[in-house]
Amino acid sequence: MAANGGTKAIVAALAANLTIAVLKFIAFFLTASSSMLAEAIHSVADSGNQLLLLIGGKRASKAASAEHPFGYGRERYIYAFIVSIVLFSVGGLFALFEAWEKLQHPHAIEGDFWWVPLAVLIGAMVAESFSFRTAIMESNRIRGNQGWVSFVRTAKQPELPVILLEDLGALLGLVFALVGVGLTLITGNGLWDAAGTGMIGLLLVAIAVVLAVETKSLLLGESATRDDVARISAAIEAGGHNRIIHLKTLHLGPEELLVAAKISVGAAETGRDIAAAIDGAESRIRTAVPIARVIYLEPDLHREDAKRTDAVPVTGQIPGAGQVTAEFGPQDAQA
C-alpha cells in the first residue's frame, strides 16, 4: 500500500510539473523574467526527480540474486539521494546564479504580455495544490499519529517525503516568484524580480540539504520503528519460555525488514524442541510485522554472569572441535 501510494503521488506530481514547466517557459520567453526562468528550471528539475523516483521503484522490485542475496530494495534510497543532488544543483544553484546575474543587470518586465507571468503563476499554484493534496492524502495512510516533521524524518519510504517537500517547496517558490514579479510590475524595478529568484534558490538548496541528510541515514541502514521492534519482541516472547538476549533489525528496503535475534532456550530442551520454538517465533514475527521478510534466530542459554568483569579468558583444545576460548572467574578456578 505504501509503495502504491508513493507511485500515485509521484505520477500526480509529474503530470503537474511537466504542464507547469511548459507554461513557465512560455512566460519567460514573453517577458524575460528571471523569476519565471528559475521557476521553469525548478519544474524541470522536479519532473526529472519524479522520473528518477519511478525508476528507483522499478529497479527495487528486482528479485534477489546470488550477487545481491538481500535484494535491491535500497535502490529506492539511492535514487532518492540522487534526487536531492539534482534539486540542489539544477534547481537551487541555477536559481542563485540567475539571481546574481539579474542583480548585475536588472530590468523591468515590459511589453504587452506583462500579465502572462501572473496568470501562469496563479495557475501553477492551483495545479501544485492538487499535487500537494494527493501527497498529503497518501502520506496520511501510513503516518498514523506522527507529526509531519517526524514523518519526514522517520519514514522508511523515501518517495512520499520527497514529494511532500518538493510540492511544499514548489508552492513556496511560486509565492516568492509571484511577489517578485508583482513588485517588479508595480515599481518597474527589476531588483524585486532578482530578489524573488534568489529566495527560490535558497529555498531549493535548503530542501535539498534536508532530503540529502534523511536519505543518507536510510542508505546507511536504519532499524525498524519503535512500534515494530516492540511487536517483534512481543511475538518472540509470546511462546512463554523464550527470552530475548539481544535483538537487531535493519531495513533492507522500505517494505523489507531483516530481524536477527539471540533467544534463550532451556538447558534441558532437545533439538526438536528448540527447532519448534524457533519456527513458532518466526511465524509470530511475520504475523505481527509482515515486512519482516528475513529472520535469523539463534538459540542460546541465558547467562546472567556472561559479562563478569572478573572473568579470565582461557584458550584450549576440544577434541573434534578445534581451538575454543572460554572465560573463567576466580570461583571457577577454585572449583
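The values are calculated or read from the model by the stated rules, or taken from the named source; none is laboratory data. Remember, predicted model here, so these are calculated numbers, not experimental data. Backbone-built Cβ (ideal geometry, glycine too); neighbour counts: all protein chains shown.
Could you tell me how many of the residues in the range 157-178 are in contact with a Leu (Cβ under 7 Å, 6 or more places away or on another chain) and not hydrophobic (A, V, I, L, M, F, W, C)?
Summing the residues that are in contact with a Leu (Cβ under 7 Å, 6 or more places away or on another chain) and not hydrophobic (A, V, I, L, M, F, W, C) in the range 157-178 gives 4.
Restricting to the range 172-187, name every residue that is closer than 15 Å to residue 200 by Cβ and not aromatic (Phe, Trp, Tyr).
172, 173, 174, 175, 177, 178, 179, 180, 181, 182, 183, 184
Test of understanding: among 139, 131, which residue is buried (at least 17 other Cβ atoms within 10 Å of the Cβ), within 18 Å of residue 42 (Cα to Cα), in the same structural domain as residue 31 (by TED's automatic domain parsing) and among the polar types (S, T, N, Q)?
The unique qualifying residue is 131.
Among the residues of the range 225-235, which ones are among the β-branched types (Val, Ile, Thr) and at pLDDT below 90?
Scanning the range 225-235 gives a single hit, 225.
Quick check on my filter: what residues within the range 235-264 are surrounded by fewer than 19 Cβ atoms within 10 Å (Cβ to Cβ) and of a type in the set (Gly, Ala, Ser)?
Once the filter is applied, which keeps residues that are surrounded by fewer than 19 Cβ atoms within 10 Å (Cβ to Cβ) and of a type in the set (Gly, Ala, Ser), the range 235-264 yields 238, 239, 240, 260, 264.
Does residue 226 qualify as being over 19 Å from the mean Cα position of the chain (by Cα), surrounded by fewer than 19 Cβ atoms within 10 Å (Cβ to Cβ) and over 30 Å from residue 34 (Cβ atoms)?
no
Any residue at all in the range 205-218 that is surrounded by 15 or more Cβ atoms within 10 Å (Cβ to Cβ) and either outside the structural domain of residue 86 (by TED's automatic domain parsing) or in contact with a strand residue (DSSP E or B) (Cβ under 8 Å, 6 or more places away or on another chain) (or both)?
Checking the range 205-218: at least one residue is surrounded by 15 or more Cβ atoms within 10 Å (Cβ to Cβ) and either outside the structural domain of residue 86 (by TED's automatic domain parsing) or in contact with a strand residue (DSSP E or B) (Cβ under 8 Å, 6 or more places away or on another chain) (or both).
Just to be sure, is residue 60 touching a residue at least 60 places away in the same chain (Cβ under 8 Å), under 20 Å from residue 12 (Cα atoms) and touching a helix residue (DSSP H, G or I) at 6+ places or on another chain (Cβ under 8 Å)?
No, not satisfied.
Search the range 210-234 for residues that are under 19 Å from residue 286 (Cβ atoms) and pair each with any residue that is assigned to a loop (DSSP other than H, G, I, E, B) when their beta-carbon atoms are under 8 Å apart and the residues are at least 6 apart or on different chains.
224/289; 225/156; 228/289; 228/291; 229/223; 231/289; 232/224; 232/289
Which one of these is closer than 15 Å to residue 160 by Cβ and either in contact with a helix residue (DSSP H, G or I) (Cβ under 6 Å, 6 or more places away or on another chain) or assigned to a helix (DSSP H, G or I) (or both): 83, 44, 90?
Unique residue meeting the criteria: 83.
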